[in-house]
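So the structure is just underneath, and the comments pick up after that.
The values are calculated or read from the model by the stated rules, or taken from the named source; none is laboratory data. As the structure is a computational prediction, the values presented were derived from the model and not from experiment. When we count neighbours, we look across all protein chains shown, and the Cβ atoms used for this are built from the backbone with ideal geometry, even at glycine. These area figures cover heavy atoms from the full protein model, side chains too; ligands, DNA and RNA do not enter into them. Shrake-Rupley method; radii C 1.70, N 1.55, O 1.52, S 1.80 Å.
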Amino acid sequence: MNDSARFIWLDGTLLNADEATVPVMNASLHYGLAIFEGIRCYESAGGPAVFRLREHMERLVASAHVIGFRSLPCDVDGLVVAARQVVRANELTSCYIRPVIYLGEGGWNMTIDAGVPHVAIGARPWTDFLPEDSVTRGIRANVSSFTRHHPNIAMTKAKVAGNYTNSVLARTESLRLGFDEAIMLDPQGYVAECTGENLFLVRHGGLLSPPTATTLEGITRDSLLSLASRLGLATHERQVTRDQLYLADEVFMCGTAAEVVPVREIDHRTIGKGVAGPVTRALQSEFRAVIDGHHPLSRAWLDPIDGGLPATVANDRHDHPAEIGYGHGV
Ligand code: PMP
């Protein structure tokens, strides 16, 4: 992922990054068959801690289930421990953790069952994904000319590599047009999500988010719904149209990479007052308190890096017995 990530966890063992390789002739690479997660570790008040690590690993395993993997060489408990090992071994604090499940061998007949799943976890130091001032100033978005997946064409609950061609098409178009991010409509024409973020809007005092039928069930979205109800804000999940976005008092997007980012303009229309509104700012500050370790929910949602078992580092995975979470192959 990055030169500074020295160690990658692969099937139960930490390897030097240059040894954790995949052959070019690999069915996951050719058919977009890699299940992945994006997870953040924060430098919180209590030391490095991963935001909702277990939920991310549960979603990773759920994605594999949706795609049809019948068994995996690891379970959620093992993945949680492994992620901590990767952060510790790489001596990272604020970082991005990327687990991936892929077919190491087989799968050329375009079935899951003919392949052998492998699990890897890499990490890299955190670098901002959106323009630096986007959190305070807000971003400019367009409604994409590309449609979000139909739920019976691509499995939108699965974070599977192939789904992201759609995101890459939309985001590349958006950036080439001079915007910062694309908003995607579902096949019926209702607002779905952004390329890698869920959406919220504030209208008539209520907080709305499109339902998750055609979107990924975002962990940040879920967190913000909890934080909003703790603040006493009325929250609703219901279909949203493009013009309702234009008429909103506030729009913001959320995700692991973006966190909570105001959208100040959509399709050249100013949203609300064209700055982060009060609800967006309140949720940004609640979310910040959580990840800094200063919120009542920090304890539940932050997984300290030092809470796991010590990492072992191997030079050759074949010489080392499987560690935690690595059970049977397929
Ligand atoms: N939608 C899509 C398509 C995504 O890739 C992401 C990022 N994982 C999200 C929404 C936001 O999800 P989360 O808050 O869990 O990062």
Inset, instruction - Just give me the residues in segment 154-181 being away from the ligand (no atom under 12 Å from the Cβ), assigned to a helix (DSSP H, G or I) and open to solvent by less than 40 Å² (accessible area, probe 1.4 Å), in sequence order. - result: Gly162, Ser174
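Looking at segment 191-233, what strands (runs of 3 or more DSSP E) fall wholly within it and have at least 2 residues that are out of contact with any helix residue (DSSP H, G or I) (no Cβ under 6 Å at 6 or more places or on another chain), among the small types (Gly, Ala, Ser) and open to solvent by less than 20 Å² (accessible area, probe 1.4 Å)? Outline the logic, then answer.
On the way: elements: 191-194, 198-203, 206-209.
Once the strands (runs of 3 or more DSSP E) in segment 191-233 are filtered for at least 2 residues that are out of contact with any helix residue (DSSP H, G or I) (no Cβ under 6 Å at 6 or more places or on another chain), among the small types (Gly, Ala, Ser) and open to solvent by less than 20 Å² (accessible area, probe 1.4 Å), what remains is 206-209.
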Inset, instruction - Inspect segment 5-12 for any residue being within 17 Å of the chain's Cα centre (by Cα) and modelled with pLDDT of 95 or more and give the result as yes or no. - result: no
Legend entry - Enumerated strands (runs of 3 or more DSSP E) restricted to segment 9-115, each holding at least 2 residues that are more than 16 Å from the ligand (Cβ to nearest atom) and not hydroxyl-bearing (Ser, Thr, Tyr): 13-16, 47-51, 95-106
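In segment 234-258, what residues are in a loop (DSSP other than H, G, I, E, B) and either within 15 Å of the ligand (Cβ to nearest atom) or under 23 Å from Ile153 (Cβ atoms) (or both)?
Taking segment 234-258 first, the residues in a loop (DSSP other than H, G, I, E, B) are 234, 238-241, 247-249, 256-258.
The answer is Gln239, Val240, Thr241, Thr256, Ala257, Ala258.
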Legend entry - Neighbours by Cβ (under 6 Å, 6+ apart or cross-chain): first from segment 156-177, more than 10 Å from Phe146 (Cβ to Cβ); second in a helix (DSSP H, G or I) and of a type in the set (A, V, I, L, M, F, W, C): Lys157/Val66; Ala158/Val66; Ala158/Ile67; Val160/Ile67
Inset, instruction - Select from segment 263-292 the residues that are assigned to a strand (DSSP E or B) and either of a type in the set (D, E, K, R) or within 16 Å of the ligand (Cβ to nearest atom) (or both) and write down the one among them that is least open to solvent (accessible area, probe 1.4 Å). - result: Val263
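Yes/no per residue for (1) in contact with a Phe, Trp or Tyr (Cβ under 9 Å, 6 or more places away or on another chain); (2) at negative phi; (3) assigned by TED's automatic domain parsing to the domain that holds Arg264:
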{"site": "Ala170", "(1), (2), (3)": "yes, yes, yes"}
{"site": "Glu173", "(1), (2), (3)": "yes, yes, yes"}
{"site": "Arg176", "(1), (2), (3)": "no, yes, yes"}
{"site": "Asp186", "(1), (2), (3)": "no, yes, yes"}
{"site": "Thr195", "(1), (2), (3)": "yes, yes, yes"}
{"site": "His204", "(1), (2), (3)": "no, no, yes"}
{"site": "Ala228", "(1), (2), (3)": "yes, yes, yes"}
Inset, instruction - Tell me which residues, restricted to segment 27-50, are surrounded by fewer than 20 Cβ atoms within 10 Å (Cβ to Cβ) and out of contact with any Lys or Arg (no Cβ under 8 Å at 6 or more places or on another chain). - result: Leu29, His30, Tyr31, Gly32, Glu43, Ala45, Gly46, Gly47
